[in-house]
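Here, each number is a calculation from the coordinates, and none is a lab measurement. It should be emphasised that the depicted structure is a prediction, and the values quoted were computed from it without experimental measurement.
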Amino acid sequence: MLLMQMDPFFWGVVIFCIVMFSLMILLIVQSVNKDKKATEEIEATIVDVDMRCGYRGSRSYRPVYEYTYMGEDYKVSSDSKIYMTENKVKIGKSVIIHIDPDKPENFKEKWEIKDLMNNPALGMYAVITVLVVIAMYFNVIKMALGLD
């Protein structure tokens, strides 16, 4: 049977894909659960940029929002909108966010397609997925043709 003849690299790639897919599903479920709690729509203003240093000196930039809810002022940094260049964050821009009425410091940002294209984690995941699929495809073809 063809599947039993696959080399360990192939099975490693399959396991890697399963783990990555599981992580993606976990992140989506976590995001949906956060959406259920963030029901109050309010206007916030981007007032600052939170720069964070990563591995080997890489930098990421996150918008810092300021808003008022029930008479209380909040200033919070984004955990999900991450940009690779500072000029992508427009200080002074008003945006709509959704907050959790029970914990107003917890919020969910409105996503647009252009925001997804600026997300480095999503870009890396897409590149890795494409490379893994190509590697699996060529390995299956190689085995089917008996070139091993």
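P(r) for the range 37-111, from all Cα pairs and a bin width of 5 Å, is 3, 17, 27, 24, 14, 9, 5, 1, 0 %, short bins first. Length available on full extension from TYR137 to ASP79: 0.36 nm per residue minus the Cα-Cα distance, which gives 17.3 nm. Here the extension length gained between PHE21 and SER94 equals 22.8 nm, from 0.36 nm per residue of separation less the Cα-Cα distance. The relative contact order of the range 37-111, computed from alpha carbon pairs under 8 Å that lie at least 6 residues apart in sequence, is 38 percent.
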